[in-house]
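Engineer: Here it is: the structure, laid out below.
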Amino acid sequence: MPAVSQALIEFANRHRVQASPGTEVIVTPRYQVTLQPDFPIAGPNSVSWIRCRPEEADQVISEARGMIAPRHLPVMWTLDPETEPPDFADHLVRHGIHPDPQGSEFAVMVLPTEATVDAPAIAGLEIRDALADALTFSRAAAEVMTGFTGSEFFPGGLSEWTVKAGSFRIATGPSADVTLQWATYYDAADQAGQSRLFGGIHVQADDFTGRTVGSTCGKDAWALAQRYYAGR
C-alpha cells in the first residue's frame, strides 16, 4: 500500500463533519447523524461516531433509524476502528443492515491502515481505493471561490451547463439535451463526486471523506492566501 501521511490518517479518523448549508448534523452522546437531503441525489448520509455500551446497541440502531426514516433518505452506517461496542456490525446484521452498497441502508467499515483485504485478482485491473480525488479538489475549489467572492452562490444565483444530445465521446448519448444547474459552488462540487459514484469509480465512503478533506484544504488555502495578500 502506498505511504499515507500520519496527519491524513488522523484527519480521516478524527474529523467530524460540521453543519453547513445543505448539511444537517445531529450530534448525540452515542452517535452522530449527518444528512444532506437537498442535493438532487441525496447524500451521502451517515450514522457515525458510534460509542455506546453493548446493551445499548439495539436501542441506538432503532433510535437513529427512527430519526432518519421519515426523511426517506439512503444512509450508511460508518464503523470506524474505535466503534463501541466492537461487534456493532453484528448488531446491524441482526437488524437487516449489511455491507451492501447497492442497498438504501448499509454498513461501511473503516479499516485501520495496516489492515489487509483479500480480493479476487483480475488481470490488468488494480484499484487503490481512497479519497474521491475529483470531489476533494472540487470541494476545495468551492471553498476558495466562496471566500474569494464572499458568497457561496454563483453570480446571479444560478449556473447552467448544457450537454448537447449525442455529444458523448465514449458512450452514446445523451438522447436529448441535458442542462445541469447549480445554485452554489458546493452544489457543483458535490455533483462532481456523484459522477464518480454513478461510474462505479468510488463508493460513498470515498465521496464523503473527499468532501471533508477538500473543505478543510480549501479553507486553509484561502486563509493562507489572505496572509500573503496582507503581507504577513
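Engineer: Across the range 64-77, what is the total count of residues that are over 16 Å from VAL25 (Cβ atoms) and either out of contact with any helix residue (DSSP H, G or I) (no Cβ under 9 Å at 6 or more places or on another chain) or not assigned by TED's automatic domain parsing to the domain that holds ILE50 (or both)?
Structural biologist: Qualifying residue count, the range 64-77: 5.
Engineer: Please go through the range 157-174 and give me each residue that is at pLDDT 90 or above and over 28 Å from the mean Cα position of the chain (by Cα), ordered by number.
Structural biologist: Result: LYS164, ALA165.
Engineer: Quick check: is even one residue across the range 188-199 of a type in the set (D, E, K, R) and either in a helix (DSSP H, G or I) or modelled with pLDDT of 85 or more (or both)?
Structural biologist: Yes; the residues of the range 188-199 include at least one that is of a type in the set (D, E, K, R) and either in a helix (DSSP H, G or I) or modelled with pLDDT of 85 or more (or both).
The values are calculated or read from the model by the stated rules, or taken from the named source; none is laboratory data. Remember, it's a predicted structure, so these values are computed and weren't measured experimentally. With ideal geometry, Cβ positions are generated from the backbone for all residues, glycine too; neighbour counts draw on all protein chains shown.
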